[in-house]
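Peer 1: Once you've had a glance at the structure underneath, I'll fire off some questions.
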Amino acid sequence: MLHYQPKVSLETGALVGMEALVRWQHPIHGLVYPDSFISIAEQHGAIDGLTEWVLREATEQLARWNARGQRMQIAVNVSMDNLRVPDFAQRAAAIVREAGASPQDVTLEITESRAMSPTPAPLENLVRLRLQRFNLSIDDFGTGHSSLAQLRDVPFTELKIDKGFVHGARRNQIIRPMLDGSLGIAKRLGMVSVAEGVETTEDWELLREIECDIAQGYYIGYPMPENRIDDWLIDWRKRSRTLLRSADVLEPASATVDSLGCLPGIDVATWRARGMGDDELYRRLLNMFLEQQQDFPARFLAASTEGDFATASRLAHSLKSVAGTLGAHGVEHAVEALEEVCNGGVGMPGLVALLDDVSRHLTPVMSGLRTLAC
């Protein structure tokens with residue numbers, strides 16, 4: 001059976017994904033955790049079948065979530081033994097598509113606790129997986145073999161920092177520099193940073209301060225069966241709004257309302273003259289922003305492809321301005337890279353990759369804003 005542990009945006013508190021974690025419901029011993037059977041499956045050649053089952057179950061569940069409007073990503077753990085199978089990438093892509101999901105919504109987590117095989121098969125599979133648009137995560141970063149060498153050689157898109165460098169880092173002068181260094185590497189390489197092992201408010205607040213992207217841990221939610229996720233989500237939305245409010249993030253304020261007035265078709269002065277207060281104005285502006293920006297990547301791509309860089313530049317400037325106002329710095333920085341397209345600094349082959357980056361940052365922000373706009 002599968003349990004799912006939430007991954008949330010530290011910027012907005014929005015749910016951005018789930019990690020699928022396999023469990024074995026034993027008739028005598030009850031719920032058995034993977035530490036007790038994964039190594040046995042590897043030793044006896046059963047790991048390929050197990051991984052394929054997990055991938056199929058997880059992506060079928062992802063497709064069901066997507067069908068009911070819960071857009072997110074799913075993460076699945078992959079063994080080094082899986083990567084030694086020459087056609088693993090091809091089989092993985094087929095499983096995901098048969099499930100009705102898209103590889104770009106799937107993150108494959110590769111643990112670095114074992115050394116990369118000297119044979120070329122694992123690296124070739126990882127490259128093929130990336131070409132299929134799977135996201136690749138280096139799991140438990142900082143605890144295993146040749147971490148930096150793997151970052152150099154493998155096209156990872158996500159760096160997942162081991163919990164040993166996360167929990168209690170604010171008070172621990174030894175692990176704090178290691179956490180900062182890991183985040184610095186992720187940012188320099190353009191990778192999404194994920195901190196696992198977030199167990200306290202102190203952990204959460206520190207990660208927000210140092211601009212980590214995604215958090216995962218018991219403080220947010222324990223691994224749970226699918227039928228408990230809706231109840232968890234209701235509770236988390238309440239908690240996250242309190243957490244964000246206490247940090248003074250995305251809160252209604254006169255300056256924020258004025259800044260959001262840069263959106264086309266908005267006359268803040270007229271609305272204020274009609275007696276509309278800042279809270280009501282803020283919600284209305286957020287709804288307009290959501291309506292205007294939900295198809296930003298498609299509109300920007302269309303304008304750029306047609307050579308209408310004036311329109312593309314105007315779209316980018318509007319999104320960047322509002323993102324900066326809202327404190328959505330990930331979106332702001334991603335759009336800055338897009339502006340090079342308008343200035344002729346980036347060729348069309350790189351445009352799709354840049355838009356993917358904007359979408360990755362924009363999705364959790366939009367989810368968080370929908371909560372505030374209600």
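Peer 1: In square angstrom, rounded to the nearest 10, how much accessible surface does residue 87 have for a 1.4 Å probe?
Peer 2: 70
Peer 1: Now a separate question. With all protein chains present, calculate the accessible area of residue 51 using a 1.4 Å probe and round the result to the nearest 10 Å².
Peer 2: Estimated to the nearest 10 Å², residue 51 gives 10 Å².
The values are calculated or read from the model by the stated rules, or taken from the named source; none is laboratory data. Because the structure is a prediction, the values reported are computed rather than measured. Remember, those area values only see protein heavy atoms, side chains included, never the ligands or the DNA or RNA. Shrake-Rupley method; radii C 1.70, N 1.55, O 1.52, S 1.80 Å.
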